[in-house]
Amino acid sequence: MNEYIKPVEAFKKLDAANLLKQNVYIYGATGYGKTELIKQYFKKDKYIYIPCRQNSCDLSVIPDDCGRTVTVVIDNVNAIDSDELRGEIKELCRKKSSG
């Protein structure tokens, strides 16, 4: 069985952002474990995971009334070229950080 090796500094940064209710943006080359980091960090918490593919990101799975009680993880935002969809994601981030 493979055991997850926790990147301590990354977890500390996620803890700080979580405590301050800040949006977090994680980026890096493919294959470095960004998605697994998020899955491991939130494995005991309630969160909505939304994977993006080329110009496809289903934001409709986010309930209107979830407010700040649910963490929303949008993965592979770099795959979005559509200005309209990028605008929707930015608006979601603004709503989550102000509400």
* Coil-residue trypsin sites (Lys or Arg not before Pro) of region 24-99, DSSP, other Cβ within 10 Å capped at 16 -> 43, 44, 46, 68
* To do: Sticking with the crude label model, points 7 Å out along Cα→Cβ, report the distance from residue 21 to residue 47 in nm, one decimal please.
  => 1.9
* Structure fact -> Net charge (Lys, Arg +1; Asp, Glu -1) of residues whose beta-carbon lies under 12 Å from that of residue 40, residue 40 excluded, is +2
* Structure fact -> Any chymotrypsin sites (Phe, Trp or Tyr not before Pro) in the chain that lie in a DSSP loop and have at most 16 other Cβ atoms within 10 Å would be 4, 25, 27, 32, 42
* Asked: How high is the FRET efficiency between residue 88 and residue 40 when r is their beta carbon distance and R₀ equals 41 Å, given to the nearest 0.05?
  -> 0.90
* To do: Averaged over every viewing direction, what's the projected area of the C-alpha convex hull for region 8-98? Give it in nm², one decimal, please.
  => 6.1
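Bear in mind these aren't lab numbers, they're just calculated from the coordinates by the rules spelled out. These numbers come from a predicted model, not from an experiment. FYI the Cβ positions are ideal-geometry reconstructions off the backbone, even for glycines, and counts take in every protein chain you see.
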